[in-house]
1. Collect the residues in region 92-128 that are among the aromatic types (Phe, Trp, Tyr) and at pLDDT 90 or above, keeping them in residue-number order.
2. Inspect all residues belonging to region 28-43 and state whether any of them is open to solvent by 30 Å² or more (accessible area, probe 1.4 Å) and modelled with pLDDT under 95.
3. Considering only residues that are in contact with a Ser or Thr (Cβ under 8 Å, 6 or more places away or on another chain) and of a type in the set (A, V, I, L, M, F, W, C), look in region 24-53 and name the one that is farthest from Phe109 (Cα to Cα).
4. Name, by its number, the condition in (1) open to solvent by 60 Å² or more (accessible area, probe 1.4 Å); (2) at pLDDT 95 or above that does not hold for Leu54.
5. I need every pair where a residue in region 16-33 that is more than 16 Å from Met58 (Cβ to Cβ) has its Cβ under 9 Å from the Cβ of a residue that is open to solvent by 50 Å² or more (accessible area, probe 1.4 Å) and of a type in the set (Val, Ile, Thr), sequence separation at least 6 or different chains.
6. Considering region 99-128 alone, what residues qualify as being in a helix (DSSP H, G or I) and among the hydroxyl-bearing types (Ser, Thr, Tyr)?
7. Taking the condition of being within 14 Å of the chain's Cα centre (by Cα), free of Cβ contacts under 8 Å to residues at least 12 places away in the same chain and closer than 18 Å to Ile7 by Cα, how many residues in region 78-114 meet it?
Amino acid sequence: MEDRAKILIVDDERLNLNVLSDLLRQEYKVVLAKNGNQALDRINSDNPPDIVLLDVLMPEMDGYEVLRKIKSIEETKSIPVIFITALDSEHDEARGLEMGAVDYIRKPFDVATLSEKLKSVFGSLEKA
């Protein structure tokens with residue numbers, strides 16, 4: 001039986017997927033998606049993730065559109081989404097948070113900061 005929290009990492013860059021997966025797989029069950037459609041398939045599965053780490057800049061469907069779709073479905077709208085992106089303007093961050101992301105982390109990210117943000121999100125999930 002799997003008792004670790006499940007994180008879906010969504011990024012079109014293989015290196016980013018590998019780095020995040022390597023950092024997180026000791027503590028969390030990690031699932032990967034290389035685009036928005038794969039992400040939505042994994043989110044809408046019988047075993048959805050507990051949290052989504054989502055890149056904004058992806059071809060075909062950007063992270064904002066993926067978030068919009070997650071939040072528009074009753075069964076998935078409560079899944080926390082954290083953007084991890086190279087977009088670094090305050091406007092981009094505000095847009096993501098206004099759309100329903102729980103946090104916005106700029107690349108390159110600090111590992112300790114990412115870890116603390118994940119613990120904070122998981123802590124609030126356990127209290128809910």
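1. Taking region 92-128 as the starting set, the residues that turn out to be among the aromatic types (Phe, Trp, Tyr) are 104, 109, 122.
Tyr104, the sole residue that qualifies.
2. The answer is no; no qualifying residue exists.
3. Within region 24-53, the match that is farthest from Phe109 (Cα to Cα) is Ile43.
4. The single condition Leu54 does not satisfy is (1).
5. Leu23/Val111
6. At the first step, the residues of region 99-128 found to be in a helix (DSSP H, G or I) are 99, 111-127.
The answer is Thr113, Ser115, Ser120, Ser124.
7. Going through region 78-114 one residue at a time, the tally reaches 1.
Yes/no per residue for (1) open to solvent by less than 50 Å² (accessible area, probe 1.4 Å); (2) more than 23 Å from Arg14 (Cβ to Cβ); (3) touching a strand residue (DSSP E or B) at 6+ places or on another chain (Cβ under 6 Å); (4) not small (Gly, Ala, Ser):
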| site | (1), (2), (3), (4) |
| --- | --- |
| Glu60 | no, no, no, yes |
| Arg68 | no, yes, no, yes |
| Ser78 | no, yes, no, no |
| Phe83 | yes, no, yes, yes |
| Glu93 | yes, yes, yes, yes |
| Glu98 | no, yes, no, yes |
| Ile105 | yes, no, yes, yes |
| Val111 | no, no, no, yes |
| Leu125 | no, yes, no, yes |
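The values are calculated or read from the model by the stated rules, or taken from the named source; none is laboratory data. The shown structure was predicted, so the numbers you read here are calculated from the model rather than taken from an experiment. Please note: Cβ atoms are built from the backbone with ideal geometry, for glycine as well, and neighbour counts cover all protein chains shown. These area figures cover heavy atoms from the full protein model, side chains too; ligands, DNA and RNA do not enter into them. Shrake-Rupley method; radii C 1.70, N 1.55, O 1.52, S 1.80 Å.
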